[in-house]
1. Could you tell me what fraction of 2.2 N^0.38 Å the Cα radius of gyration of segment B:102-257 comes to, as a two-decimal ratio?
2. Kirkwood hydrodynamic radius, the protein assembly as shown, all distinct C-alpha pairs: what's the number in Å?
3. Hey, got a sec? Which GluC sites (Glu not before Pro) in segment B:51-101 land in a DSSP loop and have at most 15 other Cβ atoms within 10 Å?
4. On full extension of the chain, what length is gained from B:S76 through B:D150, given 0.36 nm per residue of separation minus the C-alpha to C-alpha distance?
5. Return the average number of partner chain Cβ atoms within 10 angstrom of each residue Cβ along peptide B:250-256.
6. So what's Rg/Rh here for segment B:1-119, counting alpha carbon atoms and using the Kirkwood radius for Rh?
7. Can you pull the mean other chain C-beta count within 10 Å for peptide B:227-236?
8. Step through the table entries B:K80/B:K226; B:K164/B:K190; B:K91/B:K254, compare each Cα-Cα distance with 32 Å, and write down the pairs that go over it.
Amino acid sequence: KANQGRMDTFFTAL
Amino acid sequence: MFEARITQGSVLKKLVEALKELVTEGNFDVSNTGLSLQAMDSSHVCLVSLTLREDGFDHFRCDRNMAMGIHFGNLSKILKCAGNEDTITLKAEDNADQLTLMFEAPSQDRISDFDLKLMSIESEHLGIPDQDYSAEVKLPSSEYQRIVRDLTSIGDTVLISATKEGIKFSTSGDVGTANITLRHNTTPEKPEEQTFIDLKEPVALTFALRYLNNFSKATPLAPQVKLSLTKDLPIVVEYQVGELGSVRFYLAPKIDD
């Protein structure tokens, strides 16, 4: 089953 | 001092209605280039990025950069008091703890003002790189709304796959399965009824329908919506708000274990 990704995993904090 | 005036006040009403369930609070960042907002939902699964350009307003003045912490439920309550035809002016002193909203009826015989208490919000900004997407699809926003609404009644997640055949939305659930395919179609005379598929390479990603459905609350803002897809990256669901700017929703994909 697929897990929900989180935004922080894809884009880095400035 | 910050002051922004928009004759078409209904746009602000629609914007806040589109955001308020997704993000409960966030900072309106104002500068001399305009007003922007970047906010994630509480579970950090999606992100809203709003950009309203200074020259899209009928009047715009911002002497100092400010972050105005907004509770969107409260802003919505105030904007519901504005008429659909009203001109809306937003005003705040430097370092103010409140935002004043002034509503003027077109006939000029009714003027009201409301002060919204501002909040102090620690917000983390994410850097979103400019990106070439594998597939970009422009379609009528009402069509997007219909697809995600219909599929939400069947399943929880949708597999979106873009190929040279078109863009396919697939889901399954207790009821059974569903597939909806849209093809590139520039036959309709009105540009807003056309579907444009710009495919660089085939791509397929899975997303939670609940969020895609929530994004469609922005439908009244624009006749078309643009979906941008690249493998292993969030989908972008973008509504152009006339000459004023845009609202973009980013949703993280489901990841295989």
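1. Here the answer is 1.24, to two decimals.
2. For the protein assembly as shown, inverting the mean 1/r across all distinct Cα pairs yields 19.7 Å.
3. Details: sites: B:E54, B:E85, B:E93; in loops: B:E85, B:E93.
Those satisfying the criteria are B:E85, B:E93.
4. Details: separation 74, 0.36 × 74 = 26.64 nm, distance 2.74 nm.
Gain in length upon complete extension: 23.9 nm.
5. That average works out to 5.
6. Over the Cα atoms of segment B:1-119, Rg/Rh equals 0.95.
7. Shielding by partners across B:227-236 averages 1.
8. Exceeds cut-off: B:K91/B:K254.
Coordinate-derived values only; no laboratory data. Nothing here was measured: the structure is a model prediction, and the numbers come from that model. Glycine gets a Cβ as well: all are built from the backbone with ideal geometry, and neighbour counts include every protein chain shown.
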